[in-house]
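Student: Structure provided below as structure tokens; questions to follow.
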Amino acid sequence: MSLTSYPVSFIAADDAANPCLSCGACCAHFRVSFYCGEVAGPNGGTVPADMVTQLSPLRVCMKGTERGGGRCIALRGQLGRPGIRCAIYEDRPTPCREFDVWMPDGSPNPDCQRLRLALGLPALDRRPEAENDPQGPAPSHPKAA
């Protein structure tokens, strides 16, 4: 399967609910490494095997992010522009699922803020108090792509 034939998952949400849809900075900054069991195959993983690089016998990372500061192979669109998205959003690895835009108390994630500002994007406001939950973000706020 070629890279262009992967289905593109796009979350229908506005930028206020999901600022990731006009950012993508984390996907072009961090090394996205994770356990090899998340790779599609006999272990039941979902991340496409041709999108990862083997780091060690048990660790892989998304291609493009091997050294950090590189763009993830699954990122589609232009950084800091509306419509940027993850081509494997539904099948993304654990580090991507766990990187939240907002902290559990509703304050912006400091790493997200720093990367957004470096792209020239505006700083994020706190999540509205009505949506703050000590258990984390409300389900209507998808995690970073």
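The values are calculated or read from the model by the stated rules, or taken from the named source; none is laboratory data. The model shown is predicted, which means the values in this text are computed figures rather than measured ones. Quick reminder, even Gly has a Cβ in these numbers, built from the backbone with ideal geometry, and neighbours come from all protein chains shown.
Student: Quick test for you: out of GLU38, GLU66, pick the one residue that is more than 13 Å from CYS20 (Cα to Cα), among the acidic types (Asp, Glu), touching a helix residue (DSSP H, G or I) at 6+ places or on another chain (Cβ under 7 Å) and modelled with pLDDT of 95 or more.
Tutor: GLU38
Student: In addition: Inspect the range 15-22 for any residue being within 29 Å of ARG126 (Cβ to Cβ) and touching a strand residue (DSSP E or B) at 6+ places or on another chain (Cβ under 8 Å) and give the result as yes or no.
Tutor: yes
Student: Going by the conditions given, is MET103 hydrophobic (A, V, I, L, M, F, W, C) and modelled with pLDDT under 95?
Tutor: It is true that MET103 is hydrophobic (A, V, I, L, M, F, W, C) and modelled with pLDDT under 95.
Student: Right, THR53: surrounded by fewer than 14 Cβ atoms within 10 Å (Cβ to Cβ), of a type in the set (Val, Ile, Thr) and at pLDDT 95 or above or not?
Tutor: no
Student: Taking the range 67-101 only, how many residues are in a loop (DSSP other than H, G, I, E, B) and loosely packed, with under 15 Cβ neighbours inside 10 Å?
Tutor: Summing the residues that are in a loop (DSSP other than H, G, I, E, B) and loosely packed, with under 15 Cβ neighbours inside 10 Å in the range 67-101 gives 7.
Student: I've got another one for you. Out of the range 45-66, which residues are under 17 Å from the mean Cα position of the chain (by Cα), assigned to a loop (DSSP other than H, G, I, E, B) and either among the aliphatic types (A, V, I, L, M) or within 25 Å of LEU119 (Cα to Cα) (or both)?
Tutor: Of everything in the range 45-66, those that are under 17 Å from the mean Cα position of the chain (by Cα), assigned to a loop (DSSP other than H, G, I, E, B) and either among the aliphatic types (A, V, I, L, M) or within 25 Å of LEU119 (Cα to Cα) (or both) turn out to be LYS63, GLY64, THR65, GLU66.
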